[in-house]
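Read-outs throughout are calculated quantities, based only on the coordinates presented, and are distinct from any laboratory measurement. Owing to the predicted nature of the structure, the values given are computational and were not obtained by experimental measurement. Positions of Cβ are backbone-derived with ideal geometry, glycine not excepted, and every protein chain shown enters the neighbour counts.
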Amino acid sequence: MDANEINGVFQELSGIPADPPVKREQCYRCRRPLTVCWCPFLPREPLQVKCSIVILQHPGEEKRCLRTAPMLEYSLPKENFFLFRGRRFSSGTIQGHVASARLQQCTFTKNLFPLALK
Ligand SMILES: [Zn+2]
């Protein structure tokens, strides 16, 4: 590398801003950028439902910006929504959570995704 190339590298480096880039403003609730915040479209009061929803979420999904699990969390009564994060869920673990969550009172359970094997 000759002197001109080295000088060019230093000039390029000096052009890099010292401060981190300004992030878009985020909604304090859904943590999405304000331009795509879905909070105004959520029900003002939690929806009254006759079922409970249990979500088993991989930890990597929490960082994804779609954030559909919180959408459910903010729309359903706390006693009807359960979110468990983890990489593996043993049936004993889930049953323990389910029992502690009073879901055993449900008369039926449906697995919506992934589809249950027939
Ligand atoms: Zn929001």
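Setting aside same-chain residues fewer than 8 positions from residue 78, which aspartates and glutamates have a Cα under 20 Å from its Cα?
Filter leaves 45, 62.
Give me the orientation-averaged projected area of the Cα convex hull of segment 1-97, in nm², one decimal. Write out the running numbers ahead of the final one.
On the way: hull surface 44.5 nm².
Projected area, direction-averaged: 11.1 nm².
Determine, for each peptide in 32-42, 76-86, the mean count of other beta carbons within 10 angstrom over its residues, then list the peptides with the highest first. Could the numbers behind the result be given before it?
Working: 32-42: 12.7, 76-86: 14.7.
Order by mean packing, descending: 76-86, 32-42.
What does the charge add up to near residue 35, with Lys and Arg as +1, Asp and Glu as -1, over the other residues with Cβ less than 14 Å from its Cβ? Please list the in-between numbers first.
Values: positive: 23, 24, 31, 32; negative: 25.
Counting the neighbours of residue 35, the net charge comes to +3.
Which of the aspartates and glutamates could a cross-linker bridge to residue 63, judged by Cα under 20 Å and excluding same-chain residues fewer than eight apart?
Counting by Cα, and skipping residues close in sequence, residue 63 has these aspartates and glutamates nearby: 25, 73.
I'd like the distance between the alpha-carbon centres of segment 1-21 and segment 32-65, rounded to an integer number of Å.
What the calculation gives is 44 Å, centre to centre.
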